[in-house]
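Structure, as structure tokens:
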Amino acid sequence: MTITTTRFAPSPTGSLHVGNIRTALHNWLLAKKHGGRFLLRIDDTDAERSREEYVESIRADLAWLGIEPDGEERQSQRLALYEAVFSALQAAGRVYPCYETAQELDLKRKIQLGRGLPPIYDRAALALSAEERAEKEAQGIAPHWRFKLDHAEPIQWEDGVRGTQKFDPAQLSDPVIRRADGSWLYMLPSVIDDLDMGITDVLRGEDHVSNTAVQIQMFTAAIAAQYSAARTIPNFAHEALLVGSEGKLSKRLGSLGCDAFRERGIEPQALLALLARLGTSQPVEPIAERSELIETFDLSSFGRAPAKFDDADLDRLNAGIVHALDYETISTRLPDGMDEAGWLAIRPNLVRVGEAADWWKLVTGPIETPEFADEDRVFLVEAAKLMSWKEDPWHALADTLKQETGRKGKALFLPLRQALTGMDHGPDMAHLLPLIGEERARARLERAGKAG
Ligand code: GLU
């Protein structure tokens, strides 16, 4: 039986952003749903732009998110394998050297576009004779290499999100796979790794659809040249891209990463809950349990329309996640002295855990006592006198005051809340008052009664 194996393949040329966090998550969910493996593949063939610090930040971000790879691979350590497959493809006539400069290629494209033709590479290098090639090399021009597409048959695959996809290879340029300095472009090493690591499913953004078309031919060619027929081409699925809430591809999203979410007090579970379901027909809910996200992950629920990323959704989910966090999980992040009862009283008022400290000050003080009208001051002095410390002091106080003063509703509750907490709104007073405690509560009521 084949084990579902997926991979997340970032290039370490920057930190993860929300778009590739989403790709990582979906690949992880897909693997876990089928009891399979999820690999982290660092695509670091571009030595100039790749940085070790980004490799580390990618690992750290995945750890923070709880997306743990079952293995890690680095393309820079696999160059010998790429070389071997490249030689086999060369022997099979599927790669060829090209000598055009970037300027020459650019000019060709401009001429084609000027004539109303698609800017497809004209395969001029394929027509060079051995002598012409030798002459170029004698001039010190090192070739770059293209993969030769087979024009005989249409390229076709069943895409997990987009359904049947068809491309005419004659309408595609033979892709450059290797630069003149010998370094690799992403296309061929990715195919070789997917084959070599037994990747069963490639799930990525729809910006890769035309890459998939040419890569499918590379898979077939690499299997024929180097691997046994037991190796198969993975399943492909391309999801619609993530756009900003205004509906456009946004620069902000392209750099919005875990650091920014952490600073904003976003819990990783909230981000996962949002990204797991965004762009699907399933409801976006504050699901904290990873097992639930895994079980309900379903490629067929993904739509073709761009998925809109909205910060307001993220805040809503964060609040939902925070409201359900239990004390044990969160205690180390709470202000000193805040116990379980404190957490449970304050939790419903939070969008972010960090706000707990502000609310906790209402309990520990000092609070700012607002100014009251004369009649409220009289009422609050009365309250200080009548307050008895029973099991449920808040309801006891409210009932007594109702009877004694005839006040009810807002006239009864608001001055009490203001005097006891310095605020017009906040956590349920029935939970808060026992935390404030008798002594502090009485002092606050008395001070409010005197103020003005
Ligand atoms: N390194 C490639 C990228 O980040 C990987 C694409 C893929 O998933 O195949 O675009």
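Scan segment 1-49 for residues that are more than 12 Å from the ligand (Cβ to nearest atom) and assigned to a strand (DSSP E or B) and report the count. Walk me through it before giving the result.
Residues of segment 1-49 more than 12 Å from the ligand (Cβ to nearest atom): 1-5, 15, 18, 21-22, 25, 28-38, 47-48.
Within this subset, residues satisfying the condition of being assigned to a strand (DSSP E or B) are 5, 37-38.
Total satisfying the criteria: 3.
Hey, can you tell me all the residues within segment 201-235 that are closer than 20 Å to Phe86 by Cβ and in a loop (DSSP other than H, G, I, E, B)?
Across segment 201-235, the qualifying residues are Gln226, Tyr227, Ser228, Arg231, Ile233.
Go over the candidates Thr45, Thr4 one by one and state the one that is over 18 Å from the mean Cα position of the chain (by Cα), modelled with pLDDT under 95 and either surrounded by 15 or more Cβ atoms within 10 Å (Cβ to Cβ) or under 30 Å from Lys148 (Cα atoms) (or both). Write out each step before concluding.
Numbers: Thr4 fails: modelled with pLDDT under 95.
Being over 18 Å from the mean Cα position of the chain (by Cα), modelled with pLDDT under 95 and either surrounded by 15 or more Cβ atoms within 10 Å (Cβ to Cβ) or under 30 Å from Lys148 (Cα atoms) (or both) holds for just one of Thr45, Thr4, which is Thr45.
Need pairs with beta-carbon distance below 7 Å; first residue closer than 13 Å to His323 by Cα and within segment 259-270, second among the acidic types (Asp, Glu) and surrounded by fewer than 16 Cβ atoms within 10 Å (Cβ to Cβ); sequence gap 6+ or separate chains.
none
Pairs please, first residue from segment 1-19 and within 22 Å of Arg262 (Cβ to Cβ), second anywhere and near the ligand (Cβ under 10 Å from one of its atoms) and assigned to a loop (DSSP other than H, G, I, E, B), Cβ atoms under 8 Å, 6+ apart in sequence or on different chains.
Pro10/Asp43; Pro12/Asp43; Pro12/Asp44; Thr13/Asp46; Leu16/Pro10
Are any residues in segment 381-419 surrounded by fewer than 17 Cβ atoms within 10 Å (Cβ to Cβ) and in contact with a Phe, Trp or Tyr (Cβ under 8 Å, 6 or more places away or on another chain), and if so, which ones?
Passing the criteria: only Thr405.
Just the residues that are in a helix (DSSP H, G or I), of a type in the set (A, V, I, L, M) and surrounded by 10 or more Cβ atoms within 10 Å (Cβ to Cβ), please, taken from segment 110-134.
The answer is Ile111, Leu113, Ala124, Ala125, Leu126, Ala134.
Taking the criterion of being within 36 Å of the chain's Cα centre (by Cα) and within 13 Å of the ligand (Cβ to nearest atom), would at least one residue in segment 133-151 satisfy it?
The answer is no, given that none of the residues of segment 133-151 is within 36 Å of the chain's Cα centre (by Cα) and within 13 Å of the ligand (Cβ to nearest atom).
It is to be established whether one or more residues within segment 189-200 are away from the ligand (no atom under 16 Å from the Cβ), touching a residue at least 24 places away in the same chain (Cβ under 8 Å) and either more than 26 Å from Thr13 (Cα to Cα) or part of a loop (DSSP other than H, G, I, E, B) (or both).
For segment 189-200, residues away from the ligand (no atom under 16 Å from the Cβ), touching a residue at least 24 places away in the same chain (Cβ under 8 Å) and either more than 26 Å from Thr13 (Cα to Cα) or part of a loop (DSSP other than H, G, I, E, B) (or both): absent.
Matching residues to (1) in contact with a Ser or Thr (Cβ under 7 Å, 6 or more places away or on another chain); (2) closer than 30 Å to Pro268 by Cβ; (3) not small (Gly, Ala, Ser):
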{"residue": "Lys390", "(1), (2), (3)": "no, no, yes"}
{"residue": "Pro393", "(1), (2), (3)": "no, no, yes"}
{"residue": "Glu404", "(1), (2), (3)": "no, no, yes"}
{"residue": "Gly437", "(1), (2), (3)": "no, no, no"}
{"residue": "Ala448", "(1), (2), (3)": "yes, no, no"}
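Scan segment 50-66 residue by residue and report those that are assigned to a loop (DSSP other than H, G, I, E, B) and either more than 16 Å from the ligand (Cβ to nearest atom) or in contact (Cβ under 8 Å) with a residue 40 or more places away in the chain (or both).
Answer for segment 50-66, where residues must be assigned to a loop (DSSP other than H, G, I, E, B) and either more than 16 Å from the ligand (Cβ to nearest atom) or in contact (Cβ under 8 Å) with a residue 40 or more places away in the chain (or both): just Gly66.
Could you check segment 195-209 and list, in sequence order, the residues that are touching a strand residue (DSSP E or B) at 6+ places or on another chain (Cβ under 7 Å) and of a type outside the set (Asp, Glu)?
Met197, Gly198, Ile199, Thr200, Val202, Leu203, Arg204, Gly205, His208, Val209
The values are calculated or read from the model by the stated rules, or taken from the named source; none is laboratory data. None of the values given here were measured: they were computed from a predicted structure. Counting neighbours? That spans all protein chains shown, and the Cβs are built from the backbone with ideal geometry, glycine included.
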